Amino acid sequence: MSTSKNKGHSHHDPASDEFRKEDFPFYWLARVHGRYTQNMERLLKKVDLDVPRWRVLWILNENGESSISEISTHAIAKLSTITKIVYRMKEDGLVDTAPSPEDGRVTQVRITEVGLQNIERMQDVTRELFQRSFKGLTEAQVQRLNKMLEVVFHNLETL
């Protein structure tokens, strides 16, 4: 038996001899995210959109005008990736861009009327998925889950 592993830890700790993947929260987070993304891609394809565009549109819908950097932070995506997505969305008429009045090096992005119409289309095709995702959970349980995930997120801040 390996002495490098810590004895006595719980089943959710990969350093434990008792570790079981099914008890590891990141196992379930990865599976949930993967299944969610597969379903979202399939549903959004019906309205000629994808998950990255969905994220950008929702960030702008909630925040109003945002810089590409702010969008990148909220979407947890590389700045270069978000920049490419935003400019493709601009070509499609979903967003407009303009230099920031405070700092001309910063590009501000805002949703267009076409983008707002696409949010309605996205809601129509994804509504059932979101309702089904949290079936069997109370509002309080969903809020608690969000709070717990927020704590884990902050615990994982880049060192």
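Tabulated data for the structure shown
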| item | result |
| --- | --- |
| FRET efficiency, 1/(1 + (r/R0)^6) with R0 30 Å, evaluated for L145 and S16 via beta carbons | 0.80 |
| Cross-link reach list, aspartates and glutamates versus K90, counting only Cα pairs under 19 Å and skipping chain neighbours closer than eight places | D48, D50, E62, E65, E70, E113, E120 |
| Computed E for L29/Q117 - FRET, C-beta separation, R0 25 angstrom, nearest 0.05 | 0.15 |
| Whichever aspartates and glutamates have a C-alpha closer than 18 Å to that of K21, once near sequence neighbours (fewer than 8 apart) are set aside | D13 |
| Two-site FRET efficiency, D96 against N61, from Cβ-Cβ distance with R₀ of 22 Å, rounded to 0.05 | 0.95 |
| Computed helical MRE - 222 nm, the chain, DSSP H runs ≥ 4 contributing -39500 (n - 2.57), nearest 500 | -19500 deg cm²/dmol |
| Gain on full stretching of the segment that runs from E41 to R132 - 0.36 nm per residue minus C-alpha separation | 31.1 nm |
| Qualifying GluC sites (Glu not before Pro) in the stretch 52-159, DSSP loop, other Cβ atoms within 10 Å at most 10 | E102, E157 |
| Computed log₁₀ I(q)/I(0) - Debye formula, equal Cα scatterers, no solvent, the chain, q 0.16 Å⁻¹ | -1.04 |
| For the chain, the longest site-free run once trypsin sites (Lys or Arg not before Pro) in DSSP loop states with at most 14 other Cβ atoms within 10 Å are removed | 47-77 |
| Separation of the D50 and H154 label points, Cα + 7 Å toward Cβ, nm | 3.4 |
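Rule-based calculations on the coordinates, nothing more; no lab input. This structure is a prediction, so every number in the text was calculated from the model and none was measured. Heads up, the Cβs are rebuilt from the backbone with ideal geometry, glycines too, and the neighbour counts pull from every protein chain shown.
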